[in-house]
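We did not get these values from a lab; they are worked out from the coordinates using the rules stated. For clarity, every value in this text was computed on a predicted model and none was experimentally measured. Note: ideal-geometry Cβ built from the backbone for every residue, glycine included; neighbour counts use all protein chains shown.
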Amino acid sequence: MKEKSVLLLTAPGCRRSERVRQAFESAGIPFQELSLSSDEGTKMAVAHHVLSSPGIIVCGRALNVFDLFPDCRFDPKSLKERLREVASC
C-alpha cells in the first residue's frame, strides 16, 4: 500500500481523539498530529470543514471518524484496509 498523508486534528482531553491516535500507532500508520486548540489546528479545521474531534485528513481530504471506524470499533487490525477503501491518493 502506498503511504498516505495522514493528519489527525485532536482535542485535549478527548477520549475519541486518544483512541484514534492509539489505533493509528498500533497499526503502524504514520501520521502528523495537530491540536485543535492551536492556531494551526484551528486553521486546518476551518479549511477542511472539520466540526468535531478528532478531525482526520487523509491526502488533503477530511474523513469522518466513522468512515474509518464503523460501529465505533477502534480496531487497528482493520484500519489499514478501511483507509485503503475510503481514501484514494
> Of everything in the stretch 26-70 that's in a helix (DSSP H, G or I) and within 9 Å of the chain's Cα centre (by Cα), which residue is nearest to Glu85 (Cα to Cα)?
Replying inline: Leu68
> Any residue in the stretch 13-25 that is in contact (Cβ under 8 Å) with a residue 40 or more places away in the chain, touching an Asp or Glu at 6+ places or on another chain (Cβ under 9 Å), aliphatic (A, V, I, L, M) and in a helix (DSSP H, G or I)?
Replying inline: yes
> Which residues, counting only those in the stretch 37-78, are farther than 15 Å from Arg19 by Cα, loosely packed, with under 11 Cβ neighbours inside 10 Å and touching a helix residue (DSSP H, G or I) at 6+ places or on another chain (Cβ under 9 Å)?
Replying inline: Leu51
> Out of curiosity, is Phe24 over 14 Å from Leu8 (Cα atoms) and crowded, with 17+ Cβ neighbours inside 10 Å?
Replying inline: no
